[in-house]
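J.: The structure under discussion is supplied below as structure tokens; questions concerning it will follow.
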Amino acid sequence: MKPTLASSLSGRLVGIIWGDAKAGKTTYACTLPGRKLIINFDPEGYSSIAHRNDVDVIDLSLVPASEAIQNARKVGQYIIEEADKYTSIIVDSLTTLTELAMHDAVNRGVGKGKNGFVPTIDEPGLAGYGARNNAVNDVISRILRATGQTKKHCFFIAHMDDPEYTHDGKSIVQQTIMLSAKIRNGVALKVSEIYHISVEGTRRTLYVAPHGMKRPMGSRIFDTEICKKFVLYNGVDKPDEEREDSLCNIIATWKDDNFEKLKGLPKLSK
């Protein structure tokens, strides 16, 4: 056992980007550095970035649920085997992966009992929910372990759930990620960044700190007392390297500043 300088271990970014459907989550994740590999579970989820020539896709959206889960468990080994090919890994999305894991558990009859209980999607039973959570957390752990060993950036995409209201239905208590609490809390503990994208008209805002009733958000690379949010560039004509808000420039600036917390977006030279 030998200690290592923290600075020599830092440098990769691991996080979650969540928000409404069509908010630009995948588009923004693809501003990560280098060649990207998307592990795709969402039907046509990669359409918004099909114009890019630096993105490969492992598409698991068109295969049966059980096959998708089996292959998802093998992705970590593929990342290790192709370590020289990719700089960043994107999982799109955790929400759909969770749905597939639920279908897989039901298809396998998890929880089927002698008392005649037969699990269904509407009533999967406690064992079905447990099998779903275990499968998703297993896939997440395998991917994080592989990206950690190979020092790849890794971001997970997730969708926003419906608001939670008070008992009288008049006030919103919170709005969070569309995942079970065990999956949401488990993955949140394993990443450093949790970003939320909010859309108002044509304006997209990325929040790195809790905002209103929306949570969780947080960052270990931004000083969230000073920089709580920033507006995202709304277009595709600029290369990532020319965008102050791109993840590749944010990561580069964080590294160049010796991993000091960022107080805002990097300023690019004209």
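J.: How much FRET efficiency would the formula 1/(1 + (r/R0)^6) give for ASN234 and GLN174, where r is the Cβ-Cβ distance and R0 is 22 Å, rounded to 0.05? Could the numbers behind the result be given before it?
T.: Values: r = 28 Å, r/R0 = 1.25.
The computed FRET efficiency comes out at 0.20.
J.: Where both partners of a DSSP beta bridge lie in region 13-203, what percent of those bridges are antiparallel, to the nearest 5? Before the final figure, lay out each step's value.
T.: Numbers: 4 of 30 bridges.
Expressed as a percentage, antiparallel bridges in region 13-203 total about 15.
J.: Compute the convex hull volume of the Cα atoms of the chain, divide it by the residue count, and report the result per residue in Å³ as a whole number. Walk me through the intermediate numbers first.
T.: Values: hull volume 45.4 nm³, N = 270.
In the chain, the Cα hull volume divided by residue count equals 168 Å³.
J.: Which of LYS36/LYS151; LYS190/LYS267; LYS228/LYS263; LYS152/LYS190; LYS36/LYS85 have a Cα-Cα distance over 19 Å? Provide the component values of the computation, followed by the final result.
T.: Values: LYS36/LYS151 13 Å; LYS190/LYS267 30 Å; LYS228/LYS263 9 Å; LYS152/LYS190 15 Å; LYS36/LYS85 9 Å.
Pairs exceeding the cut-off: LYS190/LYS267.
J.: If you don't mind, another one. Based on the Cβ-Cβ distance of ASP122 and LYS2, what FRET efficiency does E = 1/(1 + (r/R0)^6) give at R0 = 45 Å, to the nearest 0.05? The partial results should precede the final answer.
T.: Numbers: r = 53 Å, r/R0 = 1.19.
E between ASP122 and LYS2, to the nearest 0.05, is 0.25.
J.: Shifting gears a bit: Just need the relative contact order of region 13-203 here, percent rounded to a whole number, with Cα pairs under 8 Å and 6+ apart.
T.: On the way: 322 pairs, mean separation 62.2, N = 191.
Relative contact order for region 13-203 comes out at 33 percent.
J.: Taking just the C-alpha trace of region 55-214, give me its Rg and Dmax in Å.
T.: Looking at region 55-214, its Cα Rg and Dmax stand at 17.8, 55 Å.
J.: At ARG220 and ASP20, where each label point lies 7 Å from the Cα along Cα→Cβ, what is the point-to-point distance in nanometres?
T.: My value for the distance between the label points is 3.2 nm.
J.: Taking the Cα centroid of region 209-270 and of region 1-73, what is the distance between the two, rounded to the nearest whole Å?
T.: 19
J.: Taking 30 Å as R0, compute the FRET efficiency from the Cβ-Cβ separation of ASN53 and PHE259 and round it to 0.05.
T.: Details: r = 31 Å, r/R0 = 1.03.
After rounding to 0.05, the efficiency reads 0.45.
Any read-out appearing in this document is the output of simple, stated calculations on the displayed coordinates, not a laboratory observation. These numbers were taken from a predicted model, which means no experiment stands behind them. Cβ atoms come from the backbone with ideal geometry, glycine included; neighbour counts cover every protein chain shown.
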